[in-house]
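Asker: Quick one: the structure is below, questions incoming.
The values are calculated or read from the model by the stated rules, or taken from the named source; none is laboratory data. Not measured: the values here are computed from a predicted model. Quick reminder, even Gly has a Cβ in these numbers, built from the backbone with ideal geometry, and neighbours come from all protein chains shown. We work out accessible area using only protein heavy atoms, side chains counted, and drop any ligands, DNA or RNA first. Shrake-Rupley method; radii C 1.70, N 1.55, O 1.52, S 1.80 Å.
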Amino acid sequence: MPKVKLPRSSPSIDMTPMVDLAFLLVTFFMLTTKFRPEEAVSVTIPFSVSQTKLPDNVTTVSIDSAGRVFYDMDGKDTRIELIQKISDNFSAQLGGKLSGDDIMRFAVMGAFGVPYSQLKQYIESNEEQRKAMNTQSKGIPIDSLPHDELADWVQYGYNLALSDWYDKKDKNAQVTPPRFAIKADGNAKYEVVKKVIDICQKAGIQHFDLITSMKMKKN
Amino acid sequence: MAEVNTGGDGGHGRHQKRRAKKLPTRIDMTPMVDLGFLLLTFFMLTTTFSKPKVIELTPPVKTNDSTKIKDTLALTVILSGNNKVYYYNGELKQDPDSNNINLTDLSDNGIRKVILQRNGYVLQQLAPLDQQRQTQHLSDSAYEKAKQKIQASKYALFVIIKTDSVAKYVNVVAMLDEMNICNVDKYALIDASKPEILMITDYDNKHNIK
């Protein structure tokens, strides 16, 4: 008579599927994560019940409670083109043209809020120095006297973003048209926000996205 | 912890004695998997999927043509400092003794009540649609389409949001939000005129408001 064999199960479990899944998740999170550069300016955004999400490919003008204006733009390539244009056209105000190294540093920089005269110094500074400059700076000038610098940034930036979109949209349907977002502190005076909107309207921007955070439901 | 090749473990004992010692084909993957999970935890905790929400705003392009709005359908809201909200119906009566300016705030019982009262037509038309949607007889896209049509109708309320020089941005956003809540699609955002500013200062003086 054949012996009845009790199936001996191995004490170790096959973990291959779990590990596979774990690495799949790691890969997913690694690829989808975009590290956010530290905010140059702290802004407490107002609440709203809006459900519309902030689109991609966006230029952001931040306005803090003191009314200082900061500029930021998505897209490394467009940033390089933008700073080259600014460097070519306003080299006198910048104190000389920017070097290739400066341009590359600008391309990966976050929001900034310094006038032309300090831009070179700001780009060449390290994180700590930039932080100090951000707290001291008065933001990008928005008055037409002596020179409305925000208008330059907005005008050149928007044109470049638009032409970039035209180039790309035929090849890739997922590329969205450039959008313009305003991230203002709730305590900022509306006058300043209005001035920024006016400047942008002159540059041909018609739609604005006012960045807000979700309102918690009151119970 | 994570042995990849299990099975085939037992039963080789006798053969191994005769043959030269084989190096095990199994690699200990425990450290790698540990590191994998560490990274997984890190990325899961640092990733935020939620993007900030936005209110879309399309300010009017400056033109000289002034569209006349029917008095009964116009509501002018003036946002001022200290979270004060003034409003008047129709046209501003510039008589210092009997003007039609009222003061309210941005709470649920403030300006929202006023707008909802005035926006009766749209709300009345929307009520059956809301019901239909709740009972699943109406798709979301059809609902949005019908809603837009109602909101753009010529009987819908037109809200003119005005700001003076001390208005705070947070109040403007709150007001735009109210437009959303109260189903008002026809609104404009402009500066307060001189007579209006005179009238609200007058109102403040009369009622001892700071």
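Asker: Rounded to the nearest 20 debye, what is the charge dipole size of chain A about its Cα centre when +1 sits on each Lys and Arg Cβ and -1 on each Asp and Glu Cβ?
Answerer: The calculated dipole for chain A is roughly 1100 debye.
Asker: Using a probe of 1.4 angstrom, how much of the accessible area of the protein assembly as shown is carbon and sulfur, in percent?
Answerer: 54
Asker: Shifting gears a bit: Just to confirm a number: summing +1 for Lys and Arg and -1 for Asp and Glu over residues other than B:V85 whose beta-carbon lies under 11 angstrom from that of B:V85, what do you get?
Answerer: +1
Asker: Give me the distance between the Cα centres of segment A:136-162 and segment B:122-178, rounded to whole Å.
Answerer: Segment A:136-162 and segment B:122-178 have Cα centres separated by 35 Å.
Asker: OK, next. Taking all pairs of distinct Cα atoms, average 1/r, flip it, and tell me the Kirkwood hydrodynamic radius of the protein assembly as shown in Å to one decimal place.
Answerer: 26.6
Asker: Please state the charge dipole magnitude for the protein assembly as shown, taken about the Cα centre, from unit charges on C-beta atoms (+1 on K and R, -1 on D and E), reported in debye and rounded to the nearest 20.
Answerer: 2140
Asker: State the answer as a single residue: which of A:L98, A:S87, A:V114 lies farthest towards the positive end of the charge dipole of segment A:47-214, with beta carbon charges of +1 for Lys and Arg and -1 for Asp and Glu, about the Cα centre.
Answerer: Of A:L98, A:S87, A:V114, it is A:V114.
Asker: Using 11 Å as the cut-off for backbone N distance, which residues of segment A:21-65 belong to the label zone defined by a point 7 Å from the Cα of A:S213 along Cα→Cβ?
Answerer: A:43-48
Asker: Something else about it: FRET efficiency for A:A173 and B:N89, Cβ-Cβ distance as r, R0 = 45 Å, nearest 0.05?
Answerer: Approximately 0.40, to the nearest 0.05.
Asker: Follow-up. Where does segment A:47-214 land on Rg/Rh, using Cα atoms and the Kirkwood Rh?
Answerer: So for segment A:47-214, dividing Rg by the Kirkwood Rh gives 0.95.
Asker: Count charges around B:K162 for me, please; just the other residues with Cβ under 9 Å from its Cβ, Lys/Arg as +1, Asp/Glu as -1.
Answerer: For residues surrounding B:K162, the net value is -3.
Asker: Still on this structure: When the chain is fully extended, how far beyond the present Cα-Cα distance does A:D198 get from A:E127, taking 0.36 nm per residue of separation?
Answerer: Taking A:D198 through A:E127 to full extension adds about 22.3 nm, to one decimal.
Asker: Using a 7 Å offset from the Cα along the Cα-to-Cβ direction at both B:S165 and B:N102, what is the distance between the two label points in nm, to one decimal?
Answerer: For B:S165 paired with B:N102, the spin-label model returns 3.0 nm.
Asker: Below 8 Å between Cα atoms, with a sequence gap of 6+, how large is the relative contact order for segment A:54-176 in percent?
Answerer: Relative contact order, segment A:54-176: 27 percent.
Asker: On to the next question. So, in Å, what gap is there between the alpha-carbon centers of segment A:119-134 and segment A:168-219?
Answerer: Taking the Cα centre of segment A:168-219 as reference, the centre of segment A:119-134 is 26 Å away.
Asker: Still on this structure, please answer the following. Whole number in Å², please: accessible area per residue of the protein assembly as shown, 1.4 Å probe, ligands, DNA and RNA not counted.
Answerer: 62
Asker: Can you tell me which of A:P146, A:P55, A:P11 moves the most in a GNM of chain A? Springs connect C-alpha atoms under 10 Å apart.
Answerer: In the Gaussian network model the winner is A:P11.
Asker: Further question: Taking a 1.4 Å probe, which of A:F90, B:F42, A:F112 shows the most accessible area, and what order do the others take after it?
Answerer: Sorted by accessible area, descending: B:F42, A:F90, A:F112.
Asker: Continuing with this model, one more query. Between B:T46 and B:K113, what is the label-to-label distance in nm when each label sits 7 Å out along the Cα-to-Cβ direction?
Answerer: Distance between the two pseudo-spin positions: 5.1 nm.
Asker: Work out the FRET efficiency for B:D130 and A:Q206 from their Cβ-Cβ distance, taking R0 = 35 Å, and round it to the nearest 0.05.
Answerer: 0.65
Asker: Okay, moving on. Along the charge dipole of segment B:96-140, pointing to its positive end and built from +1/-1 on Cβ of Lys, Arg, Asp and Glu, which listed residue (B:N102, B:Q136, B:Y121) has its Cα farthest out?
Answerer: My answer, from the dipole projection, is B:Q136.
Asker: To continue, here is another question. Tell me, what ³J(HN,Hα) does each residue in segment A:117-133 have, in order and in whole Hz, if you take phi through Karplus 6.51 cos²θ - 1.76 cosθ + 1.60 with θ = phi - 60° and put x for Gly and Pro?
Answerer: Working through the residues one at a time gives 4, 9, 4, 4, 4, 5, 5, 7, 7, 8, 3, 4, 5, 4, 4, 4, 5 Hz.
Asker: So, R0 is 56 Å and r is the distance between the beta-carbons of A:M30 and B:N82; what FRET efficiency does that work out to, to 0.05?
Answerer: Working from the Cβ atoms, E equals 0.70.
Asker: What number comes out for the charge environment of B:K210, summing +1 per Lys or Arg and -1 per Asp or Glu over other residues with Cβ under 11 Å away?
Answerer: 0
Asker: Show the residues, 5+ positions off or on another chain, whose built amide H is closer than 5 Å to the amide H of A:T212.
Answerer: Long-range HN contacts for A:T212: B:K53, B:V54, B:I55.
Asker: Moving to a separate point now. How many square angstrom of accessible surface are buried between A and B, both sides summed, with a 1.4 Å probe and rounding to 100?
Answerer: Approximately 4200 Å², summed over both chains.
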